[in-house]
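One structure below.
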Amino acid sequence: MVTKIIQTEQTREKLFLAGFQVLKEKGVKGLTASQIAGAAGVSKAGFFHHFPKIEDFFLYLLDQMVQMIEAQVFQAKPTTMVEFLETSASTTLKMMDETPEFMIAIYYFIDFSRFNETYTMRLQKILKSSYKKWVDDLSGYFPPNFPEEKKEILVYLLDAFLAGLGTQYLVLQDRELYLKISVEFINMIMNFIEGSP
C-alpha cells in the first residue's frame, strides 16, 4: 500500500516536471495530455489515471508552482520582514526573466476556472491555503500583539503586489523601474506594520 502511494506521487511529480517543461517550451497551448504524458514518458491512459481531466492537472500544476515560489522565497532564509519582502520581489522578477510562461499560465488557469464552479472552488482553496501558510510562516516577522486580521490583510496586499509586479514587468520589462517600485512598496508595508496599534 505504501509503495503504491509512493509510486503515485513519483508519477505525479514526473508529470508535473514534464508539464512545467512543456509550459516553458510551448506555452499554455502546449499543455495537452498527449504532450505532457509524452514528455514524462507516461502513457496517455496513465496521465488520465492520475488526472481524470486536464483541468485537474492544471490545478495540480498551479498548486505546485505556488509551492515552488514559496520554497524559493523561504529558501533564502530571510531574517526580517524587509528581507522577506525584498526576496519576494526579487524572486518574482527573476521568475519573470526565466519563466515568463509561469504568470501567463496562472492567468490562463484562472480564466479557465471561472466558468466552472467546481474548479473555481478548488482554485480558491489553493489560494486560501497558500495565504494561510504565508500568515503562519510570517508570524515571526511581526511585532508582538500584531493583529491577526492585519496579518491576513498584509498577505493579501503582498500577493496583489507580486501578481501586479509580475504582470507589469512581463509587459514593460523595465527592471530599474520595478526595483524602485518594490522599494516604495516595502516602505509602505513597513509603515503599515510599524504604525499598527
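The values are calculated or read from the model by the stated rules, or taken from the named source; none is laboratory data. Nothing here was measured: the structure is a model prediction, and the numbers come from that model. Cβ: placed from backbone, ideal geometry, glycine included. Neighbour counts: every protein chain shown.
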**Message:** When you scan the stretch 78-89, do you find a residue that is assigned to a loop (DSSP other than H, G, I, E, B), modelled with pLDDT under 85 and farther than 21 Å from VAL28 by Cβ, even just one?
**Reply:** yes
**Request:** Pull up the stretch 96-126, narrow it to residues that are hydrophobic (A, V, I, L, M, F, W, C) and free of Cβ contacts under 8 Å to residues at least 12 places away in the same chain, then point me to the one that is nearest to ILE54 (Cα to Cα).
**Result:** PHE115
**Asked** Scanning for something outside the structural domain of ILE104 (by TED's automatic domain parsing), over 22 Å from the mean Cα position of the chain (by Cα) and either farther than 18 Å from ALA105 by Cα or not β-branched (Val, Ile, Thr) (or both), does the stretch 14-32 turn up at least one residue?
**Response** no
**Message:** surrounded by 14 or more Cβ atoms within 10 Å (Cβ to Cβ), more than 13 Å from the chain's Cα centre (by Cα) and under 21 Å from MET68 (Cα atoms): which single residue out of LEU123, LEU127, LEU158, LEU154 fits that description?
**Reply:** LEU154
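A quick yes/no check of all residues on (1) part of a helix (DSSP H, G or I); (2) in the same structural domain as GLN7 (by TED's automatic domain parsing):
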| position | (1), (2) |
| --- | --- |
| ALA39 | yes, yes |
| VAL42 | no, yes |
| PHE47 | yes, yes |
| TYR60 | yes, no |
| MET65 | yes, no |
| MET68 | yes, no |
| ALA71 | yes, no |
| PHE74 | yes, no |
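From the list MET68, MET95, MET81, pick out the single residue that is among the hydrophobic types (A, V, I, L, M, F, W, C), under 24 Å from ARG12 (Cα atoms) and buried (at least 18 other Cβ atoms within 10 Å of the Cβ).
Details: MET68 fails: buried (at least 18 other Cβ atoms within 10 Å of the Cβ); MET81 fails: under 24 Å from ARG12 (Cα atoms).
The unique qualifying residue is MET95.
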**Prompt:** Is there a residue being aliphatic (A, V, I, L, M) and touching a residue at least 60 places away in the same chain (Cβ under 8 Å) anywhere in the stretch 142-154?
**Reply:** no
**Prompt:** In the stretch 20-37, which residues are in a helix (DSSP H, G or I), of a type outside the set (D, E, K, R) and in contact (Cβ under 8 Å) with a residue 12 or more places away in the chain?
**Reply:** PHE20, GLN21, VAL22, LEU23, VAL28, ALA33, GLN35, ILE36, ALA37
**Message:** Every residue in the stretch 6-30 that is hydrophobic (A, V, I, L, M, F, W, C) and modelled with pLDDT of 85 or more, please.
**Reply:** LEU15, PHE16, LEU17, ALA18, VAL22
**Fill in**
Exception for GLU117 within (1) surrounded by 12 or more Cβ atoms within 10 Å (Cβ to Cβ); (2) farther than 30 Å from VAL82 by Cβ; (3) of a type outside the set (Phe, Trp, Tyr) falls at (1)
**Item:** Within the stretch 46-65, considering residues that are surrounded by 14 or more Cβ atoms within 10 Å (Cβ to Cβ) and without any contact (Cβ under 8 Å) to a residue 40 or more places away in the chain, the one farthest from TYR131 (Cα to Cα)
**Value:** GLY46
